[in-house]
1. Could you look through segment 23-34, keep only residues that are farther than 16 Å from Ile156 by Cα and modelled with pLDDT of 95 or more, and pick out the one that is surrounded by the most Cβ atoms within 10 Å (Cβ to Cβ)?
2. Taking only segment 456-486 into account, find how many residues are outside any loop (DSSP other than H, G, I, E, B) and over 17 Å from Gly252 (Cα atoms).
3. When segment 202-241 is examined, which residues are found to be part of a loop (DSSP other than H, G, I, E, B) and more than 18 Å from Arg393 (Cβ to Cβ)?
4. I'm checking my understanding of the structure. Among residues of segment 424-443 that are outside any strand (DSSP E or B) and in contact with a Gly (Cβ under 9 Å, 6 or more places away or on another chain), which one is surrounded by the fewest Cβ atoms within 10 Å (Cβ to Cβ)?
5. When you go through (1) at positive phi; (2) assigned by TED's automatic domain parsing to the domain that holds Ala518; (3) surrounded by fewer than 19 Cβ atoms within 10 Å (Cβ to Cβ); (4) not β-branched (Val, Ile, Thr) one by one for Gly329, which number turns out not to apply?
6. Could you check segment 491-550 and list, in sequence order, the residues that are among the small types (Gly, Ala, Ser), touching a Leu at 6+ places or on another chain (Cβ under 8 Å) and free of Cβ contacts under 8 Å to residues at least 60 places away in the same chain?
7. Look at Ile194 and say whether it is among the hydrophobic types (A, V, I, L, M, F, W, C), under 26 Å from Trp390 (Cα atoms) and out of contact with any Gly (no Cβ under 7 Å at 6 or more places or on another chain).
8. Would you please name the residue that is modelled with the highest pLDDT, looking only at residues in segment 452-486 that are surrounded by 14 or more Cβ atoms within 10 Å (Cβ to Cβ), among the polar types (S, T, N, Q) and over 27 Å from Thr45 (Cα atoms)?
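The values are calculated or read from the model by the stated rules, or taken from the named source; none is laboratory data. Everything numeric in this text was worked out from a predicted model, so none of it was measured. Cβ placement follows ideal geometry from the backbone for every residue including glycine, while neighbour counts extend to all protein chains displayed.
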Amino acid sequence: MKASDLMVQCLEEEGIEYIFGVPGEENADFMMSLESSEQIRFILTRHEQGAAFMAEIYGRLTGNPAGCLGTLGPGATNLITGVADSNMDRAPMLVLTGQGASTRLHKESHQVMNVVDMFDPVTKWATTVWHPENIPEIIRKAVRVARTEKPGAVHIELPEDIAKLPVAKKPLKVKKFRRPVPDDKIVNLAFERIKAAKNPVIIAGNGCIRRRASKQLRQLCEKSGIGVISTFMAKGCVDMNADYSLYTIGLGAKDIPACAIDAADLVITIGYDMVEYHPKLWNPGRQKEVLHIDFLPAEIDEDYDPAVEVVGDLAHALWMLNERLDAHGPLGLDLRQQRAVRRDMTAELEAHKDDRGEGPIRPQKALWDARQVLAAEDILLSDVGAHKMWIARHWIAYEPNTCLIPNGFCSMGFALPGAIAASLVHPERRILAICGDGGFMMNMQEMETAKRLGCSLTVMVWEDGGYGLIGWKQQNEFGRHTDLAFTNPDWLQLAAAFGWHGHLCTRAEELQNTLEQACAEPGPSLVVIPIDYRENVKLTKKLGEMTCPI
């Protein structure tokens, strides 16, 4: 066989199901080899960035990598934003790019650039296939590195002449390993800290959305009563209807859940990743005693200096604590502040659920109605913009990986291609993407991909005619904002042009029925609402004047 055939066989051995991308001349041999695969489905996209976002969401939902593919030069550079987003949001991914012949890479040559060096800062590992015999080792290593905590992206470059070379190797068999677990002594020490605390609180991060970790975290909270504050990407790690859920933290300004941290004498961070929410926002000057529980040791930071670090498989670490809780019995905790936080934040979420009338619709109302339309296992994807802040604060998630927010790299244009991947992974679920008009237009070409694939998904666009999040931040800092306005297409004509269902809703009391109709329609649907971003300034004022419940 030739090298590209072997590469496809190795990917099949690893259980790869999807490769998303835009092929080029330099990976033609690979594409011909891929065409004969009965296991791997190639999804042709309309832009390489869309392909990378699709692979990211596949990785976030399954825990296994998908591939995203581009050719050399501009194809590779188009991939990089989505690859960086996947890597910083800790989603496993394989990035596959073509390259010019190895005989011309040492000199100036058409479309040739050092793609491996370009991907090095935004992947866990990046390499070139120089010898066909190395392909089995490279693919086996790439998938292992991508899946190992913390998961991320891995890049493999295949020059066009190497792809054609004959090779007699076979794929390496997949061998998985059990992650190391924490030492009993350190877990004992951690449990002593928990027993000594009167007001402990948990900050749950991205690591907690792993299914086993989520299950053990819920048991820990049910046994102990300790409240959980989720970061944006950890939403759903505990059922937010549970009494111990203290909702979400991560806004730049101090919000109600931060009051539980203020009152805490021990902050237990579990699967916490500071790319989401920097410790200087909740622990300036290291005032709080911190217990760190994660797959990896703590990142070094002057505001994050844990007293104890429990390092190892997260689910197993929580199971060890649960064993100790069972043996010890109830903890003598004072949870009055946490109960007050939950009471006040719940009232915030319900404040505008009964809005009525014509005109711009409040973010709070839009999210309340969307929540009524989606079941517990259905999936919401947030793009990046002012709407992301409202989703993070107001969306109630019940299960892990049902609220997908990009919050490490935070790239706009994420939600539409991500929704396509979500619909492929879970065709039985309702998929809703919420975008600003700015972010939606960045990858709107994937509307064609969604229609071609017959994806059943709904995109709700919040229209304000400008880059609302930037305006919000400039307004907060300078009292005004620069010119951030733009015009939009006729949304219903746009939907019709791509073969989508289209809906424009301008009355708050009609939104829930409109969303229900859109989600029930076969194929992709677009719902556009005018959004009332006057609420942004009101929220800033409210948070600036906030006092803690107790």
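1. Of all residues in segment 23-34, those farther than 16 Å from Ile156 by Cα come to 25, 32-33.
In the following step, the residues that additionally are modelled with pLDDT of 95 or more were identified as 32-33.
On the way: Met32: 15, Ser33: 21.
Taking the candidates together, the pick is Ser33.
2. Going through segment 456-486, the residues outside any loop (DSSP other than H, G, I, E, B) turn out to be 458-463, 466, 468-478, 485.
So of that shortlist, the ones also over 17 Å from Gly252 (Cα atoms) come out as 458-463, 466, 485.
Count: 8.
3. In the first step, residues of segment 202-241 are kept if they are part of a loop (DSSP other than H, G, I, E, B); the result is 205, 210, 225-226, 231, 235-241.
Hits for segment 202-241 are Arg210, Gly225, Ile226.
4. Applying the filter and picking the extreme gives Met441.
5. (2)
6. Ala495, Gly502
7. Working: among the hydrophobic types (A, V, I, L, M, F, W, C): yes; under 26 Å from Trp390 (Cα atoms): no; out of contact with any Gly (no Cβ under 7 Å at 6 or more places or on another chain): yes.
Against the criterion (among the hydrophobic types (A, V, I, L, M, F, W, C), under 26 Å from Trp390 (Cα atoms) and out of contact with any Gly (no Cβ under 7 Å at 6 or more places or on another chain)), Ile194 does not qualify.
8. My answer is Gln474.
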